[in-house]
Amino acid sequence: METGYHFSHKHILSLEDLSSADISFILQTADSFKEISTRSIKKVPTLRGKTVINLFFEPSTRTRLSFEIAAKRMSADTFNIASSTSSTTKGETLVDTALNLMAMNPDIIIIRHSFSGAAQLLTEHIETSVINAGDGTHEHPSQGLLDLMTVMEKKGRIEGLKVAIIGDIAHSRVAHSNIIGFTKMGASVCVAGPGTMMPPAVEKLGATRCNSVHEAVADADVVMALRIQKERQDDSLIPSLREYAKYFGINRSVIDLAKKDVLIMHPGPLNRGVEIDSEIADDPRSVILDQVTNGVAIRMALLYLLMGGD
Ligand code: CP
């Protein structure tokens with residue numbers, strides 16, 4: 001880390017907004033927080049008196065809970081609002097909801113929404129720090145950071161690695177954050193998937209588009225399978241899940257093309273037998289649950305840094 005570095009972001013909206021120095025600093029900070037979750041008393045007073053609101057308009061298990069755990073382990077007060085229990089069901093707009101939350105003086109609002117740009121929209125109307133917990137098909141920055149942390153932890157570096165991301169690239173905010181994050185940190189990212197699920201300008205994000213899963217996975221250090229984003233597809237983009245599994249699923253014969261010490265990753269939730277076979281998800285080289293563990297540390301780091309920790 002260069003001397004004089006200072007983390008100066010008010011919001012975490014995307015990995016596009018962060019420099020490689022910002023990302024390295026967040027990973028180092030998360031690494032220093034990880035130990036807290038292994039203690040018998042998993043609590044430090046760092047964010048005592050701070051108020052964190054989780055505003056989730058889409059389902060979530062990992063992201064919502066790990067932000068809540070992260071905040072509670074740092075002694076912040078946390079509050080959860082789900083779309084089904086919010087007044088948006090009565091016609092209130094997202095901006096009006098945010099303005100009303102602001103009137104109660106929170107310190108951080110964490111938002112997940114199906115609209116790409118929802119987190120950015122909030123920053124244009126409210127003063128509070130905002131964290132994007134996944135907006136439509138745009139980005140999922142804390143997922144990208146926890147994936148980078150997991151690879152750094154297991155491989156000791158990111159620069160020079162080959163990362164294969166397989167599946168529904170077009171609809172996956174996880175893919176977008178990971179392509180941006182891994183290329184910023186010096187890895188080469190190869191993507192493969194059905195043509196209907198490949199954005200036309202994927203190379204502009206920094207990835208290499210491969211013609212087949214086999215080409216993308218060959219000699220890869222990391223293989224990441226993506227979930228089929230059924231909720232974001234207007235029409236059927238694949239003939240059937242059985243055909244998807246046959247041509248784009250990560251199975252034994254595909255993973256055997258990667259390096260022997262390949263890391264097998266998936267952001268969750270898993271569709272076992274579709275984008276990844278059960279035996280591969282449970283392979284000793286799978287780090288899928290390490291990703292979840294690191295998610296708490298990354299989110300502790302983000303809350304801490306946005307609250308002025310340095
Ligand atoms: N990886 C991820 O975002 O999972 P959730 O949808 O459960 O939060």
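The values are calculated or read from the model by the stated rules, or taken from the named source; none is laboratory data. Keep in mind that what you see is a predicted model, and the values were worked out from it rather than measured. Every residue, glycine as well, gets a Cβ built from its backbone with ideal geometry; the counts of neighbours run over all protein chains shown. For the accessible areas, the whole protein counts, side chains as well, though only heavy atoms, and no ligand, DNA or RNA atoms are used. Shrake-Rupley method; radii C 1.70, N 1.55, O 1.52, S 1.80 Å.
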For residue 89 and residue 157, compute 0.36 nm times the residue count separating them, minus their Cα-Cα distance, and round to one decimal in nm.
19.9 nm
In what order, largest first, do 226, 94 sit by accessible area if the probe radius is 1.4 Å?
94, 226
Please report, as a whole percent, how much of the solvent-accessible surface of the stretch 7-112 comes from carbon and sulfur atoms (probe radius 1.4 Å).
52 percent
Kindly rank 187-193, 53-59 from highest to lowest mean number of other beta carbons found within 10 Å of each residue.
187-193, 53-59
Please build a GNM for the chain, connecting alpha carbons under 10 Å apart, and tell me which residue among 93, 123, 150 fluctuates the most.
93
I'd like the distance between the alpha-carbon centres of the stretch 88-156 and the stretch 33-71, rounded to an integer number of Å.
15 Å
Förster radius 30 Å - calculated FRET efficiency between residue 72 and residue 251 (Cβ-Cβ, nearest 0.05):
0.15
If the elastic network links every pair of Cα atoms under 10 Å, which of 112, 227, 48 fluctuates the most in the Gaussian network model of the chain?
48
Max mean-square fluctuation residue, GNM over the chain, Cα-Cα springs under 10 Å, options 72, 184, 43
43
Between 0 and 90°, nearest 10: helix 173-184 axis offset from the chain longest Cα axis
80 degrees
Excluding same-chain residues fewer than 8 positions from residue 184, which lysines have a Cα within less than 19 Å of its Cα?
154, 155, 162, 204
Could you tell me what percent of the accessible area of the stretch 141-291 is made up of carbon and sulfur, with a 1.4 Å probe and every protein chain present?
51 percent
Diffing the stretch 133-139: the Karplus 3J(HN,Hα) column from phi (6.51, -1.76, 1.60, θ = phi - 60°), in whole Hz with x for Gly and Pro, holds 9, x, 10, x, 9, 6, 8
Peptide ranges 154-166, 132-144, 287-299 listed from the most packed, as the mean C-beta count within 10 angstrom indicates
132-144, 287-299, 154-166
Using θ = phi - 60° and the Karplus curve 6.51 cos²θ - 1.76 cosθ + 1.60, what whole-Hz ³J(HN,Hα) does each residue of the stretch 61-75 get, with Gly and Pro shown as x?
9, 5, 5, 5, 5, 6, 5, 5, 4, 4, 5, 5, 5, 9, 6
Report the full-extension gain for the segment residue 243 to residue 39: residue separation times 0.36 nm, less the Cα-Cα distance, to one decimal in nm.
68.8 nm
For the chain: relative contact order, % (alpha-carbon pairs under 8 angstrom, 6 or more apart):
19 percent
To test your reading of the geometry: what angle, between 0 and 90 degrees and rounded to tens, separates the Cα axis of helix 20-34 from the longest principal axis of the chain?
80 degrees
Per-residue accessible area, 1.4 Å probe, largest first, puts 260, 34 in the order 260, 34
What is the distance, in nm, between label points placed 7 Å from the Cα along the Cα-to-Cβ direction at residue 260 and at residue 80?
4.4 nm
